[in-house]
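Trainee: Quick one: the structure is below, questions incoming.
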Amino acid sequence: MRRKTNWILVLIAMFLFVGGLAAAGGQDESDGGKAAPKEDNITVGFSCAGMGNSWRMFLKANFDAKVAEHPEISKVYFTNADERPEKQIADIDDLLSKGVDLLIIQPSLGEAIVPAVERAYNVGIPVIIFDGTVPTDQHTAYVGQDMKQLGAHYAEALINMMGTEGNIIMLSGIAGQMSVELRLEGAREVFAKYPDIQILDTQYTGWSIPKAKEVMESFLQTYPQIDGIWADSGLMSFPALETMKEAGRALVPSSGDNLNGYAKFLVANNVPGYIEPYSTQQAAWALEEGLKAVKGAELDKVIYHQPEQYPFERIKEIVNMDLSDWWWLGDDQIPEEFLPQID
Amino acid sequence: MRKIQEKLQRSGISIGLIVTFLVIILMAIAVNIVKGVNFFSLNNLLNVVRNYSMIAIAAMGQTFVIISGGLDLSVSAVMASSNVVAATYMTSNGLIFPVLLLCLALAALVGMFNGYLVTKRNVPPFIGTLGTSIVINGLRMIWTNGMPRGAIPDGLKNVCTSNFLNMIPNLFMMFVFIAIWYWFLLARTGYGRRLYVVGNNPRVAILSGVRKDRIIITAYIISAVSAAFVGILIGGYTGIADNWAGKGYDLDSVAFAVLGGAVIGGGAGSIQGTILGGFILLMITNLALLASLPLESQLVIKGLIIVTALGITARKR
Amino acid sequence: MIMSVNNRKLRLNISSSNFVWFILFGLLVFSAISSPIFLTGRNMRNVLLIQPVGLGIASLAQALIMLSGGIDMSIGAAVSLLTTMAAILFKMFPDMTPITVLIAVLVTAMLIGSLNGFFVVILRIPAFMGTLATSMILQGLIYFFTKKPIGGIPRSFRYIAEGKLLAIPFSFLFFLVIFGIVYMLLKRHKSGKLVYAVGSDQHISRISGIAVTKVRFMTYVFGGVLVGLAAVFLAARMGGGGPTAGSNYELDTITASVIGGISLAGGVGSPLGIVGGVLTLTIFSNIMNLLDINPYIQMFLKGSILILAVAFNKVKKR
Amino acid sequence: MSTMGTAVTGSLLKFKDITKTFPGVKALDSVDMDFSYGEVHALVGENGAGKSTLMKILSGVFKPDSGSIIYNGEEVVIKNPHQAQMDGISIIFQEFSLIKHMSVTENVFLNREPVSRAGFLRFGKARERVRELMALLDINLDPDAKVMDLSVVQQQLVEIMKALSVDARILIMDEPSAPLTDKELKKLFSIIRSLKSRGVTVIYISHMLEEVFEIADRVTVIKDGKVMGTFPVEKLTKDNLVGYMVGREIQDIYPDYGKQIGDTIMKVEDLSCKGELEGITFSLRKGEVLGLAGMVGSGRTRLVQAIVGAVRRDSGTITVNGKVIDNISIIGAITEGFCYIPSDRKLEGIITSMDIVQNTTITSLKKFMRSGIIDRKKERIAAEKQIAAMQIKTASLFTQIENLSGGNQQKVLIARALLTDPEIFVIVEPTRGIDVGAKYEIYKLVRELTESGKAILMVSSELPEVLGMSDRIMVLNRGRVAGILDQHEKLSSEEELLSLAVGHTYSLSS
């Protein structure tokens, strides 16, 4: 038995050795030049940062719907980095091995995938980044929303609703994520302009609803007067308001993205709030721009889109109280077959 | 002094835990003086115990597994799954109870599978339950496609967010009820006694006619069922189905139990210890929030508290 | 002679460290058949010589600590901290040479290892909780310095991951040297014997005259250094770092080690198995990407394979 | 017998006023002893008398509370086992100190591996030295075999090699002979003699007084942590030595038997376990002690395991009280009236973290439960009764069992078995590691059991014990019944038994 095992070991070792040699000897496919424009039979690689929440599912649904509009796309390869930069680097390399014509990247940790992005760019294909910056010149374009501005819009809308003086609390998602930190930064810059706005406290909630409620409960404990809630997402303002309601406190203005649960709560309780989506269209936008690049167009380095903003009156008009809490306000236009399956 | 120590040991609560508890009480007083927020105000205490109740139920389940010599890292996967299943099928108030039973039954299957891996296949619990948790998460995501269906019925929301006699959170009442049962099961029944024997010396257990595998599998079932129940409570508490409900509760529940005197490797641990250990960790979080400490200090303090409590206990042994 | 009458049974000699090679072999054959791209030079190089290196070195650290009877739950946070630290150093002192940064990272890593050693060995806190506490403390420390990811690690440093020496990726040589050292120390050096002995049975080691406390402490310190080396490679590969750069690394390294045949109870396993374990994980992820498998199904398969690999390699159990 | 009276050339080691206290127990009380160059110094005393503690102090495992050790004319402090080794003090521990995942060679040289200057291992050299040691001891083992694959005897030989591989000036042997066969014991003795002639001091701890008389030059008796005296071996007789040890003279350590043997209670027919046991047939009667003897590896352990359901049998029938019993689990065996008292108390017997009551009742817990709940008062009363009947010496019912002596632990195990109302006792090595006084009490207990009609199947490696206690003796040889000796007409001799066990004539006094 032992001899047999050794035999297999030797076989594997040989296999690895041959493979390694082949790998070492193989030339880099990258020639630094730009790939020739292509009009059809385009393969697309989509390296996503992670899956597993509704926003990402709608992002993918919008993306898939967009793919269907483009018959020149022959195949889409999709990888999931599970929020790990190292996995994403491997994913990008794997996609390059597949020989895709267009690479769309949603960075898990932008700063930590720079070399992979540069490698991809040097292969000569268009590399489009969205939902999180990658600090390198070597990509074709950044497509998406200005996250700092989004945070600032939330802050401004909050001040519009509550006035230029009062106490606010800030609720953020996962510490260390660029998109989270930029929203926070944008908001702080706005609040800094209003000396009578006092930021009572800022806490990260890890985008966990029970955690948000726990944090809010202790805020209510500590601060008798809260006039507004700045949250970087509906996922945080929704439980915060819910907690206030349970505690019997008067509901206050808040900000957030287009999570249907948040919108439904605002309307049901008739409390003013401001919604500006962090759009689930972004992957679709990136695809649209990327295809232009594949076909030979020159793109700007940064392409910002501004989605529709929803003041409270507008929310009341368009909210669909029958849809799931995890739906996204304004995403009704996605064709049925691409939607995450719903009963 | 030795007498006190022995008493404590028999009561299942370690010295380190008591010392740490006193330290935190002092911290709470300090916060009160400096920041002017009173930790001990009834309202705040009720808040703390409400949050505490859910994870503590899971941690008590975890305690059974740890005493048996195992570890259950599939707790949060089970929570999230039962949360999502509940939201999907509890379409009306009338269905709350049957669906609750369905979730608990499914969880029992998961626990059985964990137990099977650990007992019949000799898989290290760490890896076996980690594998189970990845599989369950995968299955759930395939099923929900990332977006939980359905909604939490109002009845469940009301039960989980309102208070008994307008004062004590219902969640806490449930916790107390379950805690008493679990304590009784562990300290007063044949099952509990045998669980300790199995965790302490599995060989003796077999030779004494204890059905070792059955005891261990039951421990995993208790843990999984507790987790599933908590998953549903989280649903009621937050009012929204969440694919990642209870994220991070695996390690948290282990931390509760170990801080409370359970030993990874088996044979020691108690419900009362886990309750106190968990309460200490929750107090730290709450105090940090009351004192407006930023995230970074919260993490460091939590780590240091764990080290202190366990370090003192280890020294005294 | 009476001695020769014994009841030693013939046993199937598939020890768990060998078992991983069966899995790996199966995976290789499956991959080679199912995807034409798998065997291309570019993919082979990525998957065999570059992608496994970071996890490989970190798993060596985990395996070393597991062999001594411990476990290290702080590897993820340590990798995050150390990569972030490298990036911060380059940002604050752009003129710093890569060697200086490397040394600074390794020294810090050693301190982290010592902290683990202090908690677990000196304070005698159970390894799982002690290192978990370290992990919390380290994560907190990162947030003290920065909440944002930090990039900008210069090309000279990135050579470690991207460079080539005589047409061979430098990353591979980097791993080979580290692996060689760990292997020699564990299998051919007295200190390795001590680690195995202490991991198998602390009491017996102690009465055999082994300075158990010292051996265990040094294992954590040396494990820390290895985590530092993994972080150096990852910083070079990622070109930056951040508070979540190493998330989940502790569980990945444990998974790789266990698949590679390292016992969670200590004292059993070979560093060679780690190579098998890490390659298995890397190739699995690669072939899943190449075959464009739905991420959730990937998750399900990964968990199933983990369970199967561990649950059914127990041929030798008597 | 002892003709080896080597000239005593002065003191090598002295204990002065050594005291050591454990929680609640004074293990050593002002011990003064001295050991000479090149002598074999036996240390005897009941279990728990403090011998092992004293030796653990000498080898650096424990530190004394007070007192001093004078070694080679200088006062020394032995901080840890490593330092003891460096000072030339080597020990064979009573409990195995081998690492089971490691090979023979690795174990022999653990922490003293032959290494190059840079610390790299020299495998060739280590193996070579192991072969030398094996040649010296006339052992035939694979130097690369894993210890976990070795039998108990083989492990003990590795243990001895490990101790001998140190260039020791003092060699402590704590019960080295327990698992050894006679031939190996003789070999061990000849090695001890040659060590002695090289000036090595051997401290020999044993319960087997025959051995002490054969090998020792001087004997020190310890009782309750105190030295009762040191005697040249020539001045001692077995009786007065036992007298010093237990504080009373024991005429006959085996109690008389009642000889009230009743009907057959169990019949085993043609029992086989593949590769280990073949065609075992015998019967067991009420009120009888059936001794089960045989060399290590003869299948004794496997046979009792097959009977109590710890392993499956491949064929054969077991009939208890006329009822045929299928392959059963241990739980089944307990309900059928079997009880099993294992030899390795620490591994298979006691539950270390629990108290005496809980240890006593674990097997019969059902009796004290009502719908799953333990009636703790009932449990305590039942345990108390047994503990009193067994005369277990303990401060409290709630003392952790770890803190009891070996003999008392064994009594707890018997009490545990009794609570299940068994009819057939299967006892393996009932007195392993138990001192003379306690042994007698255990024997008495066994006799009382037979008088109340219980049947006893007793496995023992100690020939005098088998011969003294058994009504009949079944001898196994290579998995088969070599013969059954009936002791009623006349007592069998050790020679008769051994010749059956090894399959040829064998003389003890060769």
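The values are calculated or read from the model by the stated rules, or taken from the named source; none is laboratory data. This one's a predicted model, so the numbers in the text were calculated from it and none came from an experiment. In this analysis, Cβ positions are derived from the backbone assuming ideal geometry, glycine residues included, and neighbour counts consider all displayed protein chains. These area figures cover heavy atoms from the full protein model, side chains too; ligands, DNA and RNA do not enter into them. Shrake-Rupley method; radii C 1.70, N 1.55, O 1.52, S 1.80 Å.
Trainee: Just give me the residues in segment B:255-295 being more than 22 Å from B:Ile180 (Cα to Cα) and open to solvent by 20 Å² or more (accessible area, probe 1.4 Å), in sequence order.
Mentor: Across segment B:255-295, the qualifying residues are B:Ile264, B:Gly265, B:Ala291, B:Ser292, B:Leu293, B:Pro294, B:Leu295.
Trainee: Let me ask you something else. Among the listed residues C:Asn289, C:Asn294, which satisfies the condition of being open to solvent by 20 Å² or more (accessible area, probe 1.4 Å), facing another protein chain (nearest Cβ under 8 Å) and within 26 Å of C:Ile37 (Cβ to Cβ)? Full working, then the answer.
Mentor: On the way: C:Asn289 fails: open to solvent by 20 Å² or more (accessible area, probe 1.4 Å).
Answer to the selection: C:Asn294.
Trainee: Still on this structure, please answer the following. Can you pull out the residues in segment B:90-108 that are open to solvent by 30 Å² or more (accessible area, probe 1.4 Å) and in contact (Cβ under 8 Å) with a residue 24 or more places away in the chain?
Mentor: Looking only at segment B:90-108, we keep the residues that are open to solvent by 30 Å² or more (accessible area, probe 1.4 Å), and these are B:91-98, B:101-102, B:104-106.
Scanning segment B:90-108 gives B:Thr91, B:Ser92, B:Asn93, B:Leu95, B:Ile96, B:Leu104, B:Leu106.
Trainee: Now for a separate question. Out of curiosity, is D:Gln155 in contact (Cβ under 8 Å) with a residue 60 or more places away in the chain and open to solvent by 20 Å² or more (accessible area, probe 1.4 Å)?
Mentor: For D:Gln155, the condition - in contact (Cβ under 8 Å) with a residue 60 or more places away in the chain and open to solvent by 20 Å² or more (accessible area, probe 1.4 Å) - is not met.
Trainee: From the list B:Asn83, B:Asn114, which one is within 18 Å of the chain's Cα centre (by Cα) and farther than 22 Å from B:Phe64 by Cα?
Mentor: Matching residue, one of B:Asn83, B:Asn114: B:Asn83.
Trainee: How many residues does segment C:163-195 hold that are open to solvent by less than 20 Å² (accessible area, probe 1.4 Å) and part of a helix (DSSP H, G or I)?
Mentor: Number of matching residues: 7.
Trainee: Test of understanding: among C:Ala109, C:Ala161, which residue is under 23 Å from the mean Cα position of the chain (by Cα) and within 14 Å of chain A (Cβ to nearest Cβ)?
Mentor: Checking each option against the conditions leaves just C:Ala161.
Trainee: While we're on this one: Report, by residue number, each residue of segment D:185-216 that is open to solvent by 20 Å² or more (accessible area, probe 1.4 Å) and under 30 Å from D:Glu495 (Cα atoms).
Mentor: Those that are open to solvent by 20 Å² or more (accessible area, probe 1.4 Å) and under 30 Å from D:Glu495 (Cα atoms): D:Leu185, D:Lys186, D:Lys187, D:Ser190, D:Arg193, D:Ser194, D:Met208, D:Glu210, D:Phe213, D:Glu214.
Trainee: Within segment D:182-189, can one find any residue that is touching a residue at least 12 places away in the same chain (Cβ under 8 Å) and either at the interface with chain C (Cβ under 10 Å from one of its Cβ atoms) or not in a helix (DSSP H, G or I) (or both)? Outline the logic, then answer.
Mentor: So in segment D:182-189, the residues touching a residue at least 12 places away in the same chain (Cβ under 8 Å) come out as D:182, D:184-185, D:187-189.
Okay, now just the ones that are also either at the interface with chain C (Cβ under 10 Å from one of its Cβ atoms) or not in a helix (DSSP H, G or I) (or both), so D:182, D:184.
Yes, segment D:182-189 contains a residue that is touching a residue at least 12 places away in the same chain (Cβ under 8 Å) and either at the interface with chain C (Cβ under 10 Å from one of its Cβ atoms) or not in a helix (DSSP H, G or I) (or both).
Trainee: If you go through segment A:139-179, how many residues are within 14 Å of chain C (Cβ to nearest Cβ), open to solvent by 10 Å² or more (accessible area, probe 1.4 Å) and in contact with a strand residue (DSSP E or B) (Cβ under 6 Å, 6 or more places away or on another chain)?
Mentor: 1
Trainee: Does D:Val308 qualify as being more than 14 Å from chain C (Cβ to nearest Cβ), open to solvent by less than 30 Å² (accessible area, probe 1.4 Å) and under 17 Å from D:Val459 (Cβ atoms)?
Mentor: It is true that D:Val308 is more than 14 Å from chain C (Cβ to nearest Cβ), open to solvent by less than 30 Å² (accessible area, probe 1.4 Å) and under 17 Å from D:Val459 (Cβ atoms).
Trainee: Based on this model, can you work out whether C:Leu24 counts as open to solvent by less than 10 Å² (accessible area, probe 1.4 Å), within 20 Å of the chain's Cα centre (by Cα), more than 12 Å from chain A (Cβ to nearest Cβ) and among the hydrophobic types (A, V, I, L, M, F, W, C)?
Mentor: Considered against the rule, which asks whether it is open to solvent by less than 10 Å² (accessible area, probe 1.4 Å), within 20 Å of the chain's Cα centre (by Cα), more than 12 Å from chain A (Cβ to nearest Cβ) and among the hydrophobic types (A, V, I, L, M, F, W, C), C:Leu24 comes out as no.
Trainee: Next question, about the same structure. I'd like the full set of residues that are within 22 Å of D:Asp344 (Cβ to Cβ), in contact with a strand residue (DSSP E or B) (Cβ under 8 Å, 6 or more places away or on another chain), assigned to a strand (DSSP E or B) and of a type outside the set (A, V, I, L, M), limited to segment D:271-328.
Mentor: The answer is D:Gly291, D:Gly294.
Trainee: Under the condition of being of a type in the set (Val, Ile, Thr) and within 18 Å of C:Leu165 (Cβ to Cβ), which residue from segment C:31-56 is farthest from the chain's Cα centre (by Cα)?
Mentor: C:Ile50
Trainee: For segment B:162-171, does any single residue satisfy the condition of being open to solvent by less than 10 Å² (accessible area, probe 1.4 Å), modelled with pLDDT of 90 or more and hydrophobic (A, V, I, L, M, F, W, C)?
Mentor: Scanning segment B:162-171 turns up at least one residue that is open to solvent by less than 10 Å² (accessible area, probe 1.4 Å), modelled with pLDDT of 90 or more and hydrophobic (A, V, I, L, M, F, W, C).
This table checks each residue for (1) within 13 Å of chain A (Cβ to nearest Cβ); (2) assigned to a loop (DSSP other than H, G, I, E, B); (3) open to solvent by less than 10 Å² (accessible area, probe 1.4 Å).
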{"position": "C:Ser205", "(1), (2), (3)": "no, no, yes"}
{"position": "C:Thr213", "(1), (2), (3)": "no, no, no"}
{"position": "C:Gly223", "(1), (2), (3)": "no, no, yes"}
{"position": "C:Gly228", "(1), (2), (3)": "no, no, yes"}
{"position": "C:Leu234", "(1), (2), (3)": "yes, no, yes"}
{"position": "C:Thr244", "(1), (2), (3)": "yes, yes, no"}
{"position": "C:Leu251", "(1), (2), (3)": "yes, no, no"}
{"position": "C:Ile254", "(1), (2), (3)": "no, no, yes"}
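Trainee: Another question, if that's okay. For B:Leu130, indicate whether it is out of contact with any helix residue (DSSP H, G or I) (no Cβ under 6 Å at 6 or more places or on another chain), closer than 27 Å to B:Met147 by Cα and more than 14 Å from chain C (Cβ to nearest Cβ).
Mentor: Here the answer is no, as B:Leu130 does not meet what is asked.
Trainee: Please work out which residue is most open to solvent (accessible area, probe 1.4 Å), limiting yourself to segment A:91-125 and to residues that are small (Gly, Ala, Ser) and under 21 Å from A:Ala297 (Cα atoms).
Mentor: Step by step, filter segment A:91-125, then rank; the result is A:Gly99.
Trainee: One residue is enough: does segment D:324-337 have a residue meeting the conditions open to solvent by 50 Å² or more (accessible area, probe 1.4 Å) and touching a Gly at 6+ places or on another chain (Cβ under 7 Å)?
Mentor: yes
Trainee: Looking at segment D:362-382, can you tell me whether even one residue there is among the hydroxyl-bearing types (Ser, Thr, Tyr), open to solvent by less than 50 Å² (accessible area, probe 1.4 Å) and under 23 Å from the mean Cα position of the chain (by Cα)? Before the answer, list the steps.
Mentor: At the first step, the residues of segment D:362-382 found to be among the hydroxyl-bearing types (Ser, Thr, Tyr) are D:363-364, D:371.
Still in the list and also open to solvent by less than 50 Å² (accessible area, probe 1.4 Å): D:363-364.
Those still in the list that are under 23 Å from the mean Cα position of the chain (by Cα) too: none.
No - not one qualifying residue is present in segment D:362-382.
Trainee: Within segment B:269-296, which residues are more than 7 Å from chain C (Cβ to nearest Cβ), in a helix (DSSP H, G or I) and without any contact (Cβ under 8 Å) to a residue 60 or more places away in the chain?
Mentor: Listed by number, the residues that qualify are B:Leu281, B:Thr285, B:Ala288, B:Leu289.
Trainee: I'm trying to understand the selection: among the residues of segment D:457-484, which are assigned to a strand (DSSP E or B), modelled with pLDDT of 85 or more and either open to solvent by 20 Å² or more (accessible area, probe 1.4 Å) or touching an Asp or Glu at 6+ places or on another chain (Cβ under 7 Å) (or both)?
Mentor: D:Val459, D:Arg472, D:Arg480, D:Val481, D:Ala482, D:Ile484
Trainee: If you take the residues of segment D:350-361 that are assigned to a loop (DSSP other than H, G, I, E, B) and β-branched (Val, Ile, Thr), which of them is nearest to the chain's Cα centre (by Cα)?
Mentor: D:Ile350
Trainee: Name the single residue, out of those in segment C:297-318 being more than 7 Å from chain B (Cβ to nearest Cβ) and modelled with pLDDT of 85 or more, that is farthest from C:Phe19 (Cα to Cα).
Mentor: Ranking the candidates gives C:Gln298 first.
Trainee: Taking the residues in segment B:133-149 that are more than 7 Å from every other protein chain (Cβ to nearest Cβ) and at pLDDT below 90 as candidates, determine which candidate is farthest from B:Val110 (Cα to Cα).
Mentor: B:Thr144
Trainee: Sticking with this structure for a sec: Check whether at least one residue in segment B:60-67 is aliphatic (A, V, I, L, M), more than 12 Å from the chain's Cα centre (by Cα) and surrounded by 24 or more Cβ atoms within 10 Å (Cβ to Cβ), and report yes or no. Steps first, answer last, please.
Mentor: From segment B:60-67, those aliphatic (A, V, I, L, M) are B:60, B:65-67; that's our starting set.
From the residues that got through so far, the ones that are more than 12 Å from the chain's Cα centre (by Cα) too are B:67.
Subset that is surrounded by 24 or more Cβ atoms within 10 Å (Cβ to Cβ): B:67.
Within segment B:60-67, one or more residues are aliphatic (A, V, I, L, M), more than 12 Å from the chain's Cα centre (by Cα) and surrounded by 24 or more Cβ atoms within 10 Å (Cβ to Cβ).
Trainee: Pull up segment B:29-44, narrow it to residues that are within 11 Å of chain A (Cβ to nearest Cβ) and surrounded by 16 or more Cβ atoms within 10 Å (Cβ to Cβ), then point me to the one that is farthest from A:Lys213 (Cα to Cα).
Mentor: So, considering only residues that are within 11 Å of chain A (Cβ to nearest Cβ) and surrounded by 16 or more Cβ atoms within 10 Å (Cβ to Cβ), the one farthest from A:Lys213 (Cα to Cα) is B:Val31.
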